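Okay, so here's the structure we're looking at.
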Amino acid sequence: MKLRIFAAGCALVFVFVGLLSNGSGTPAFAAQTVKTYTIKEIKAAGIHLLVNRTHKLPSTYKAANLVLIRKQVPVRFSNLKLKYQPLLNLALLYKAAKKTGIHIYVYSGHRTLAEQTALFQKKVQYYRKNHTEKEAIALASKVVAPPNTSEHQTGLAVDVVSTQYRVRDSGFANSKAGKWLAKNSWEYGYVLRYASAKTSITGIIFEPWHFRFVGKVQAKKMYDQKLCLEEYVAKGVS
C-alpha cells in the first residue's frame, strides 16, 4: 500500500513506501521518509498538524498558549494543560456528556519533551526484560510515541476516562463514556485518533481514550468518511 502524505502547512511530499507484516500480527513499517517540521511549518499547520513517527516535532519546539485544564474540566492531576481553543471545546464536550450521566475527566494532556522522553524510556525498559534492545524500542513505540512524535507535545490531544471507567485500556471502548465519546466527540472538534481499524496506518495500538482536536469541520469530515488523520491529510482535504 502506498500513501502520498501532504503534511498541512508543508510544501514537501512524504511517501509511505509500504506496510509489512512482522509475523506477529502487528504491522511493521517499511522504509519511510521522515520529516522534522520547522517552527514556521508548525505554526502554519495550526490545529491540523500531523504528528507521528514520520512527521516529527523539532527538539526546540514548545507548545504555546497552554492553560490549566482543571479550570474547565475535571482532571486526574492538577497541573495538566491544553491549548486554549481545544480546552474551550473540551469544556463543551464535558458538559454535554454530563447531561447524559457520563462524568469524564482528563487523564493526560500536554506533555513536555522531557515528560514524553521519560514515558518512552520507561516503556523501553519494561520490554528490555524479555527482548533485545531493538525489539524493546519497536514494541515500546507501538504503545508510547517516541520523543517528538507525540501529539501530546502539541497541546492538542487528551487522554479521557470517566468516573465509571478509570483505566486507559481497550475496555474503555465498551464503557458508556467510551461509546458516547466515539459517537459524539466530532461535534466538539475532537476525533478518536487511534482507532482499532487504523493501527496499520497510525502504527499505534487501539487507544479508545485518546482524542485529538482538529476543529469541528475537519472532525465531521473525518468521522463521516471514517478517516484517521494520516488518511485525511493524505487526501489533501481542507
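Some observations on this one:
- Once the chain from Asn174 to Tyr126 is taken as fully extended at 0.36 nm per residue, the excess over their C-alpha distance is 14.5 nm.
- The ratio of the alpha-carbon radius of gyration of the chain to the globular-protein estimate 2.2 N^0.38 Å is 0.97.
- Beta bridges by DSSP in the chain, antiparallel share as percent, to the nearest 5: 90 percent
- Spatially, region 90-148 and region 41-71 are offset by 16 Å when compared through their Cα centroids.
- CD proxy at 222 nm, helix term only [per DSSP H run n ≥ 4: -39500 (n - 2.57); per residue of the chain; nearest 500]: -9500 deg cm²/dmol
- Checked against a 23 Å cut-off, the cross-linked pairs Lys43/Lys216; Lys62/Lys83; Lys81/Lys216; Lys99/Lys183; Lys62/Lys216; Lys83/Lys176 give Cα-Cα distances beyond that limit for Lys62/Lys216; Lys83/Lys176.
- On the beta carbon distance between Ala197 and Ser59, with R0 = 22 Å, the FRET formula returns roughly 0.10.
- For the pair Glu133 and Val34 in one chain, pulling the backbone fully straight at 0.36 nm per residue adds 33.5 nm over the alpha carbon distance.
- Rg then Dmax, both in Å and based on the Cα atoms of region 127-238: 14.8, 45.
- Pairwise alpha-carbon distances in region 60-102 exceed 16 Å for 41% of all pairs.
Throughout, read-outs are computed from the coordinates displayed, never taken from laboratory work. Bear in mind that the values here come from a model prediction, so they are computed numbers and not experimental data. Neighbour counts run over all protein chains shown; Cβ positions are idealised from the backbone, glycine included.
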